[in-house]
Every structure is written in structure tokens, then in C-alpha cells.
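Below is one structure; the comments refer to it alone.
FYI, it's all coordinate maths here, none of it is from the lab. Because the structure is a prediction, the values reported are computed rather than measured. When we count neighbours, we look across all protein chains shown, and the Cβ atoms used for this are built from the backbone with ideal geometry, even at glycine.
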Amino acid sequence: MEQILIQTVNGLVNGMILALVASGLTLIFGIMDVVNFAHGDLVMLGAFVGATTVAATGSFWIALLSAALTIALFGALLQVTTLRPLLGRDPLTTILATFGMSLVLQKYAIWQWGPTARAIREPIPGQFTLFYLQYPWYRLGAALFAGLIIGGLYLFLRRATFGVWIRATTQDRIMAQAMGIPVPLVHAVVFAIGAAMAAASGVLFGPLAGVTHNMGFDFTLRAFIVVVVGGMGNLGGSILAAIFISLLEAYASLIVTPAQAVIVSFVVLILTLLFRPTGLFVPTAR
Amino acid sequence: MILRLDNVHTYYGKSHILHGVTLEVNPGEVVGLLGRNGVGKSTTLKSVMGLVRPSEGSVTFEGQTITGIPPHRVAKLGVAWVPEDRRVFKLLTVAENLRTGLDRAGVDDGRKRALLERAFTYFPRLGERKNQLGGTLSGGEQQMLAIARAMMLEPRIILLDEPTEGLMPRMVSEIRQIIEALHQEGVAILLVEQNVPLTLEASSRVYIMEKGIIRHQAPAAELRQNMAVIHEYLGV
Amino acid sequence: MAPRSQTPYWVGFSVILVLLIVAPLVLPEFWRRFVTEILIWGLLAMSSDILIGYTGMVSFGHSAFFGLGMYGAAAALLAVKPANLWLALLAGLVAAGVIAAFVAFFATRLREIYFSITTLVFSQIFYVIIFTWTEVTGGENGLTFSQPALRIPGLFDVRFTPASLHWFVLAVVVISYLVLRRVTQSPFGMVLQSIRENEPRTRAIGYHVERYKIVAVLLSGLFAGLAGVLYAIQNRFAAPDFVFFVVSGEVVIFNVMGGMGTLVGPIAGAAFFLVLREVVSRYLIEYYLIPVGIIFTAMVIFLPQGLLGFLKRRLNS
């Protein structure tokens, strides 16, 4: 019983970080129909920038901020140079283009930071007793922080002018333009936001599992699954899906090895595509 | 002259839709554009708005060439578009829909409030449904919203694409009144319509289009006397 | 489009064929193996082209077909003694075929992006299973086995020499190429291309798009599995690395850079890429992939027909 509760906590923690990655991805997809194959690599880059900054300044929070900002800028640059020319082309092309980007980013990371893994020290030290385990405070802190960022995004989309612009452009790009909304700018900003959130996840995740140059692939794969299960473009759905899938995986790893537990998320994806392809957490049409 | 199209040719992929359209709208004028389905009336408006790029010819607005510039810049210059299918932002509230036209540079909160008040005066039903999602409005209400939204841009010309399509007669006369009210405010209107009587009533001049080119133009008064021309081109 | 004379094409084809036949006789062993591997990857890339280039479906899961062909052959070679070449071929093709049928089922129900993600997920599922099911698949270390002999009962029974193995692989690849070429130029192939160009219209004309897609996936999967079998026979081992996504990714690169929808293009892409890797990696280790990746992305954006397609158009005009 205690094991199940512990896994619940684990699942929630992992789910929140995954939700942070996935919400960026689904936001990007919703507004410009781009499936960003390189999204996980943005997580990875953020983690590396974060690790380097922590080593230089000793502050985790500065590292988090600088990683988010750097990768946001980088993401905007990427969008403008590589993805903007592809607007309107078939999805095949954008998948291939972002795949190419992913390749370059991974190899660049090796070139820039070397092949060895990096570590980021936990900013919140110490543990508390959770049943029979010593559970790190940081895990809760990371989940909480991820939640705060997502909450901030939600408020931004609801209230801020630019948030309304983003929502309008997502619903009808043509009409948004006709209303004077600078859609090219909105696209770049959304990509930057998605990249920033990915980078933040990378830094938050760093103390939990280290920073390696190929950590991106796992994130990309998981984020894809979450986005599809949650409903492409559906922000709330992807958050719920992230938590749902992470919980299932956490429970599964009580029975099988963690390496095998990932199959759970794959199975969920396939079932979703078979029976509810628009997404498990999408409200059914009235 | 506030808007002028000069020999505009526009393609949709390989289809040659506009074959050299030339027309003019003067400041504050209501100009009608009549024609059968598919002759290119909507494409004409889209060419002005920059939603499709003319391959030949030019579009001039207030003396400035705007051919092919991005739509969001055209809107900023003072051209508003009310599309045929209304295209209300379904998942935004009525207020948020209007906001997309209000959130511009150089508009302070006071003016925003004044503009909103005006919209709700013109369209009281929208005021009642301020916080309702755009997609939950009826067809007629969505049309009102689309027009009100365009008005938030404080445009000097509004491109109205078939505003009365699919509406009940009572709504049609409401639209008629809105057009008149806008005209009183000095806003020019390029009105694309299939509803001939409405167009002849509301416009001062009318162009008749056939197969992507202007075939005839005349003052509305003249056409009202001589319906034969209308019958000839529109088979009405 | 007036039919161009096919002669220059067949002349070129024959020249290359002769060069490939002669290769094991003149090249040192290392390069001989290298050429044989190029042929195998070329076959894999060709199989993928059926989907990407002709039907317009991007598969990120070809490593699954490849890997299952490999492991299927491995199973046959380990289970039955003495090692039987034809059984290995059969086992590998069946294994790949079953998975292809599975994927084909999904192919018909999913739009492009979803299909691509699903193929990716599928190959990952197999990777995880193969990686962790150590008792059966050897896990991380894979399986090693002996090379089967080329035996046609009643005719001969010889062990492969490096040269004869190369010729065997060459024969299989050339036959595959000719078969696929025939298929893509047939009415069936035309329909596939029509699906790529405009699926709704193809459906509206009356074609059962689903059936065509299923056959395309099966075809693609089988030939990819065949490549896997050849690889197993040549190298005498099977490893989970080959089921990992990287292989699928490389295949896509061969396709795009060589020229989608040309069959020959992907083979050329494979050759080009593998040679590049061999030559350049001595100096730049893995970093060569940075400019390659940049070029790849640029090609996707500006040169969607790939090198060969670009050259084709230049030569035509």
C-alpha cells in the first residue's frame, strides 16, 4: 500500500515536469501545425546551459532563468530561420525539418559540452520521511515550480493581450491577421515560450537524473505521446495526460523494471489512436 | 479616392480567378459589388486585404500602394475585413473578440471603453452576451459580432463580404441599418452581396462582376430604373 | 511527357553493376565489406522510399522491420542446425512481415503526423522488448551465430567466401531493386504517387486508398526485413542498436538527401552518407553530423527532391 502511495507521488512529480515539456509542444502544434521533433533537444540544451551556469554562478535559480531566456531566444531564431519558410507546406516537411534540427542540436551538444554527463546539484537539500523512504524535498519543489510555470502560462493566455492574440491566432490565423495581429511575431513568440518551458524542464529535471546529450529523445517521445493522448493543441488535456501517463508508468514500475514500464505509455498511445484519436482528455463535442 | 484596384490579376494555385479587376471607392462612399457565385467577388476583397497576392496589377489605399503587403499591416492602415463566413473566434468570448480589434498601439483605455460602449449601443444583443463564447452565438449574432469587431479597428474602409447571407429578413434590415449608420460616420464600404435590392438601396455606385472582371458600373439610382442590366448579368 | 530513351539509364546501370561485381576482386577486405554494407543499407533505404517517396508516409520506424528481419534470421540460424540460409530468409521475412501487417493496420487509420509518431513508438516498443528480454534476445549484447552455407539441395553446398557473399547480397539487392522498380512504374505505383500528391482526390476518384496503403507498408516492411536478414548473414550478429531510432533516422536522411521517390536516390544517399561518415569521421568524429544535419534541414526546406531529383531536373532542362 505504501509503495503505491510513494509511486503516486513519484508519478505526480514526473508528470508535472513532463507536463511542462508537453504544454510547450502542444502550444506550438496548436498555433502553427508544427510537430517539433527537436523539442526534447531543447530540454537537453536548457539542461546543459543550466548546468554550466550553476557551475559558474553557484545559483540554481539564476541558472534556471538564464537557461530559459537563452533557449527562448534560440528557439525564436530557429523558428524564424527554419520553420517560417515552411508555413503552409505539408506536415511531412516540417517533421523532416525538425528532425534535421534535432540531429544538429544533439551533435552540437557533444561538441560544445563533451560527451560526459553533467550534474546539477539540488537547490533544495534535505529529505523528509515518506513512509519508509527518505524522500527528497527537491522533487516536490520541482513539481511545484513546474506547476507554477504552467499556471503562469494559463493566466497569460487568458488575460494578457498577447495571450489573447495567441489564442486568436491558434483558432483562425487568417482572421487574426485581418484584425491586425502580427501573426509572424506571434508564431516566433509562441515557439520561444515553448522552448523556454522546455529549457526550464531540463534544468528542473537535471538534479533528478543528470544531464546527457541524448536525454532529449526520451522527452520528445514522451511529449509526443502526451500531446496525442491529451489532444493536439489542447493545453489542459496535455497536462492531464502527462500526469495520467506518468502515474501509470510509476505504478507499472512496481511490477516490471522501469525500462519496461515505458511500454505502458506506448500502449496508452496506441489505444488512444485506436479508440479516441482526438485525445482522451478532450471534452466530447456537444 | 480612398481605395483603388488597377488591373488586378489573382490566381488560386493554377486557377486564374481575377482577370484584371479595376475599381474605385471614394472616401465615405458605399460601393456595391454584384455578381453571381464564384465570379471572384470574395477574391477581390481578399486581394485588397493581402490574403492573396495579386500576380499583376496594383491595389492603392489612401495613396499608398498596398499590393501584396501582409494582411496585418493592411489592417493597421485602416482596412477592415468582414468575411463571408464571419469567422468569429469561436473559443473567445464576445468581449475578447472585440478586444482583438481594440488592442492596438495608440489606443488608451479610455478610448477602448468608448469604442466598446459604441459597439454595445449599435448591437445591444452583443452587450448582453459579452462573456459568452463566440461559437455559442446564433448566425445573426455572429454577423453582428464580425461587423462590430471590424469597427473596433476604427477603419476608414470596411470590406463587407455577403453580410446578409443566410440571415432572416428581420436581420437583413438590421444589417441595412448598420450599413447606413457606418456610412453616416464617414466610413467607406465595399459591399459584396448577392442580395440585389439591399445593395441597390445601400450603395451609391455599383460594380457588376462576371468571370473575374468588371463588366459594368453605374450609379445605383440608374440601375434601380434599369433592372434589365441586372437581369442580364445576374440572371435574377 | 515524351518517353525518354531508356538506353542511357540501362547503360549506367550496367556500368555500376559491373563495378559492383568486380569490387570484391580488387578491393581490400575492409572496403569490400564496406561496399556490401552500402548495398544492404541501400536496400533498407529503398524500402523506406516506397513509403516516404512514393506514398508520402514518413516512417520513423523502419529500424523495427530491419531489426526484426535481423533477429528473425538469428532465431532461425540458432534454432536449426546446421544453419539454413533459406530458413533464415524465411524467418526474417515472416517476422518483419508480421510487424508490417501490424503497422499497416494503423497506417490506414492515421493521418501523416500520427502515423509517423506511431511508427516511432512501435520501433521503440520493439527496442525496449528486445533490450530487456535478455533470455530470448540476448538483451544488450545481442545474439551471435554462425554464417549459413549457400545450399541448394541437389545443386551445391558451399560456404560463403567474402566474395561470394558479396555477390549473393548484390544479387538479392539488384533483384529487389528491379522488382521495386517494376512495382513503382506499374499502375499500382502510379496510384501510390497519386495518394502522395492528393489523397482526398485519389479517394474521390474511387480508389480504395486504404488497401493501397496497406500493400505499400507490407512491401516496404518486407524489403526492410530482407535487408535485416542480409545484415545478419553478413555480420553474424544481431544487436538491439539496430532497432533503435537512430537507424530509422539515418534511413530518412538517406531518403531525403538522395532523393525521395526515385529508388536509386536513397541508395545513392546511403552510399554518399556512409562514405562521408567513413572518410570524415577519422578527423571530425561525430561532429561531421552537424554540417550534415544543417545541409539536410536546408535540403528539406529548399530542395525537397533531394540531390538526385535536383540533378534530374537540371539534366532534363
**Study point:** Rounded to whole Hz, the Karplus (6.51, -1.76, 1.60) HN-Hα couplings of segment C:193-208, x for glycine and proline
**Key:** 5, 5, 5, 5, 5, 7, 5, x, 5, 4, 5, 5, 5, x, 7, 7
Practice item. Sort the following peptides by mean Cβ neighbour count (other Cβ atoms within 10 Å, averaged over residues), highest first: A:187-194, B:24-31, C:56-63. Key: C:56-63, A:187-194, B:24-31
Practice item. Above 23 angstrom, tally the Cα pairs of segment A:174-277 and express them as a % of all pairs, no decimals. Key: 40
Revision key, fill the gap. The value for segment A:102-199 (convex hull of the alpha-carbon atoms, volume per residue, Å³) is 170
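Rounded if a/c is under 1.5, else prolate if a/b is larger than b/c, else oblate: which is segment C:57-214, with a ≥ b ≥ c the root eigenvalues of its Cα gyration tensor?
It comes out oblate by the Cα gyration axes.
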**Study point:** Over chain A, relative contact order from alpha-carbon pairs under 8 Å, at least 6 apart, %
**Key:** 37
Revision key, fill the gap. By the mean-Cβ-within-10 Å protection proxy, highest first, C:134-144, C:32-42 rank as C:32-42, C:134-144
**Study point:** Translational diffusion coefficient (Stokes-Einstein; Kirkwood radius from C-alpha pairs) of chain A at 25 °C, 0.890 mPa s, in µm²/s
**Key:** 128
Exercise for review: Take peptide A:166-175, look around each residue's Cβ out to 10 angstrom, count Cβ atoms belonging to other protein chains, and average those counts.
Suggested key: 5
Revision key, fill the gap. Site residue B:130, offset 7 angstrom along Cα→Cβ, radius 20 Å on amide nitrogen, limited to segment A:141-157, gives none
Study note, to complete from the structure: Once both label points are put 7 Å beyond Cα along the C-beta direction, the residue C:157-residue C:237 separation in nm becomes 3.0
Check your understanding: Rounded if a/c is under 1.5, else prolate if a/b is larger than b/c, else oblate: which is chain C, with a ≥ b ≥ c the root eigenvalues of its Cα gyration tensor?
Key -> rounded
Exercise for review: Over every pair of different alpha-carbon atoms in segment B:116-236, take the mean of 1/r and invert it; report that Kirkwood radius in Å.
Suggested key: 15.6
Check your understanding: Beyond 18 Å, what percent of the Cα pairs of segment B:50-131 remain?
Key -> 55
Exercise for review: With an 8 Å cut-off on Cα pairs and a minimum separation of 6 or more residues, tell me the relative contact order of segment C:28-243 in percent.
Suggested key: 43
**Study point:** Neighbourhood charge, 14 Å Cβ-Cβ cut-off, centred on residue A:221 and excluding it, Lys, Arg +1 and Asp, Glu -1
**Key:** -2
Check your understanding: Other chains' Cβ within 10 Å of C:117-130 residues: what's the mean?
Key -> 4
Check your understanding: For residue B:58 and residue C:302, what is the calculated FRET efficiency with R₀ set at 22 Å and r taken between the beta-carbons, to the nearest 0.05?
Key -> 0.15
**Study point:** For segment C:212-228, Karplus couplings with θ = phi - 60° (6.51, -1.76, 1.60), whole Hz, Gly/Pro x
**Key:** 5, 5, 4, 4, 4, 5, 4, 4, 4, x, 5, 5, 5, x, 4, 4, x
**Study point:** Vicinal HN-Hα couplings computed from phi for segment A:220-232 (Karplus, 6.51 cos²θ - 1.76 cosθ + 1.60; Hz; Gly/Pro x)
**Key:** 4, 4, 4, 5, 4, 4, 4, 5, 5, 5, x, x, 4
**Study point:** Environment charge at residue A:174 (Cβ cut-off 10 Å; Lys +1, Arg +1, Asp -1, Glu -1)
**Key:** +2
Exercise for review: Between beta-carbons, use under 12 Å as the cut-off and find the net charge around residue A:48, counting Lys and Arg +1, Asp and Glu -1.
Suggested key: 0
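Using only the Cα atoms of the protein assembly as shown, what semi-axes does the equivalent ellipsoid have when each is the square root of 5 times a gyration tensor eigenvalue? Give whole Å, largest first.
56, 36, 22
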Revision key, fill the gap. Taking C:68-76, B:222-230, A:246-254, C:198-206 and ranking on average Cβ neighbours within 10 Å, highest first, one gets C:68-76, A:246-254, B:222-230, C:198-206
Study note, to complete from the structure: So for R0 = 25 Å, FRET eff. of residue A:69-residue B:105 from the Cβ-Cβ r, to 0.05, ends up at 0.50
Study note, to complete from the structure: Averaged over the residues of B:57-70, the number of partner chain Cβ atoms within 10 Å of each residue's own Cβ comes to 0
Study note, to complete from the structure: Residues whose modelled amide H sits under 5 Å from the amide H of residue B:210, counting only those 5 or more places away in sequence or on another chain, are B:215
**Study point:** Computed [θ] at 222 nm, deg cm²/dmol, chain B (DSSP H ≥ 4; -39,500 (n - 2.57); rounded to nearest 500)
**Key:** -11500 deg cm²/dmol
Practice item. Starting from the Cα-Cα distance between residue C:294 and residue C:81, subtract it from 0.36 nm times their residue separation and give me the gain in nm to one decimal. Key: 71.8 nm
Revision key, fill the gap. Length-normalised contact order of chain B, Cα under 8 Å, at least 6 apart, in percent, tallies to 29
Exercise for review: Taking 7 Å along the Cα-to-C-beta vector as the label spot, tell me the residue C:175-residue C:207 distance in nanometres, rounded to one decimal.
Suggested key: 2.9
Point to revise | Modelled FRET efficiency - R0 51 Å, residue C:182 with residue B:113, Cβ distances, 0.05 increments | key: 0.10
Review point. Simple spin-label model, 7 Å along Cα-to-Cβ: residue A:254 to residue B:181 in nm?
Key: 6.4
Check your understanding: Taking H as built 1.01 Å from N, whose amide H comes closer than 5 Å to the amide H of residue B:20, not counting residues under 5 places away?
Key -> B:8, B:9, B:10
Check your understanding: Using every alpha carbon pair in chain B, what percent of pairs falls into each 10 Å bin from 0 up to the bin containing the largest distance?
Key -> 8, 33, 37, 19, 3, 0
Exercise for review: Using the structure shown, select from B:14/B:211; B:14/B:90; B:46/B:130; B:14/B:46; B:46/B:76 the pairs with a Cα to Cα distance greater than 22 angstrom.
Suggested key: B:14/B:90; B:46/B:130
